[in-house]
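*Asks:* Below is the structure I would like to discuss, written out as structure tokens.
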């Protein structure tokens with residue numbers, strides 16, 4: 001696509017569904033391993049990586065399974081699902097020799113660290129991958145918002161959003177073959193055109209803190225590496241379209 005992206009520290013946001021592979025729910029071992037290899041290849045370049053993983057492959061607070069439940073209780077169940085995913089990805093990374101820490105916004109000291117910003121920063125500086133689990137720790141906030149929040153707190157250079165398609169389109173490319181793909185977008189256009197890349201709270205937080213969002217297809221081979229090298233297709237969202 002052009003010149004490589006000079007980001008030193010990034011936060012990778014991946015949905016829980018992104019870990020399902022060909023399965024209908026839960027975790028697909030080969031898909032989780034592929035993600036671990038992607039992250040390993042980027043850290044081998046000297047980049048610092050942290051992750052936020054959704055929980056929709058196990059439980060989502062606004063899903064059909066949660067209908068009739070109190071929204072707060074359902075959202076807490078969704079947060080616990082993200083911890084399961086975080087531990088699975090941690091295990092896959094460590095099997096590849098990548099030092100990793102999981103930090104949860106909900107206290108569960110027997111399985112992972114609590115979220116402490118300064119400790120997380122130190123882990124990144126030492127070359128460890130940090131996985132942030134349990135969202136923001138609050139109901140009514142998505143893991144998209146948690147990703148934007150943690151990326152800002154960690155002083156990341158960009159938020160990388162791994163999706164099912166190779167960037168942002170003006171409509172669903174799976175339903176509309178004539179959908180237009182953007183190389184670059186402004187946050188204002190994403191909100192004004194309701195492009196639904198991430199929820200509005202996440203987009204607004206990124207815009208306010210001048211945090212670029214890079215949207216790319218997680219299913220391509222060496223997807224993250226190709227983005228850093230400026231190869232392949234992706235969309236960069238920032239305060240200016242240039």
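*Asks:* Taking the options 85, 57, name whichever one is under 17 Å from the mean Cα position of the chain (by Cα), free of Cβ contacts under 8 Å to residues at least 60 places away in the same chain and buried (at least 18 other Cβ atoms within 10 Å of the Cβ). Explain how you work it out, then say what you get.
*Replies:* Details: 85 fails: free of Cβ contacts under 8 Å to residues at least 60 places away in the same chain.
Checking each option against the conditions leaves just 57.
*Asks:* I need the full set of residues from region 108-128 which are closer than 25 Å to residue 15 by Cβ and out of contact with any helix residue (DSSP H, G or I) (no Cβ under 6 Å at 6 or more places or on another chain), in order please.
*Replies:* Filtering region 108-128 for residues closer than 25 Å to residue 15 by Cβ gives 108, 111-115, 117, 120, 123-124, 128.
Result: 108, 111, 112, 113, 114, 115, 120, 123, 124, 128.
*Asks:* Name the helices (runs of 4 or more DSSP H) wholly inside region 137-242 in which the number of residues that are farther than 23 Å from residue 8 by Cβ, touching a helix residue (DSSP H, G or I) at 6+ places or on another chain (Cβ under 9 Å) and in contact (Cβ under 8 Å) with a residue 40 or more places away in the chain is 1 or more.
*Replies:* Details: elements: 143-153, 187-192, 200-208, 223-228.
Answer list for region 137-242: 143-153, 187-192, 200-208.
*Asks:* Let me ask something else. Give region 106-136 a look and list any residue that's buried (at least 17 other Cβ atoms within 10 Å of the Cβ), outside any strand (DSSP E or B) and in contact with a strand residue (DSSP E or B) (Cβ under 7 Å, 6 or more places away or on another chain), or say none.
*Replies:* Within region 106-136, 112, 115, 120, 123, 124, 128, 134 meet the criteria.
*Asks:* Can you tell me which of 96, 103 is touching a helix residue (DSSP H, G or I) at 6+ places or on another chain (Cβ under 7 Å), closer than 26 Å to residue 31 by Cα, surrounded by fewer than 19 Cβ atoms within 10 Å (Cβ to Cβ) and at pLDDT 95 or above?
*Replies:* One residue alone meets the criteria, 96.
Matching residues to (1) crowded, with 17+ Cβ neighbours inside 10 Å; (2) within 17 Å of residue 159 (Cβ to Cβ); (3) out of contact with any strand residue (DSSP E or B) (no Cβ under 6 Å at 6 or more places or on another chain):
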{"site": "184", "(1), (2), (3)": "no, yes, no"}
{"site": "191", "(1), (2), (3)": "no, yes, yes"}
{"site": "194", "(1), (2), (3)": "no, no, yes"}
{"site": "215", "(1), (2), (3)": "yes, yes, no"}
{"site": "218", "(1), (2), (3)": "yes, yes, no"}
{"site": "228", "(1), (2), (3)": "yes, yes, yes"}
{"site": "232", "(1), (2), (3)": "yes, no, yes"}
{"site": "237", "(1), (2), (3)": "yes, yes, no"}
{"site": "240", "(1), (2), (3)": "no, yes, yes"}
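*Asks:* Working only within region 148-165, note down all residues that are surrounded by fewer than 20 Cβ atoms within 10 Å (Cβ to Cβ) and over 20 Å from residue 103 (Cα atoms).
*Replies:* 157, 164, 165
*Asks:* For region 16-26, how many residues are under 10 Å from residue 85 (Cα atoms), under 16 Å from the mean Cα position of the chain (by Cα) and not in a helix (DSSP H, G or I)?
*Replies:* Residues that pass the stated criteria total 1.
The values are calculated or read from the model by the stated rules, or taken from the named source; none is laboratory data. Given the structure is predicted, the values throughout are model-derived calculations rather than measurements. Using ideal geometry, Cβ is built from the backbone for each residue, glycine included, and neighbour counts are taken over all protein chains shown.
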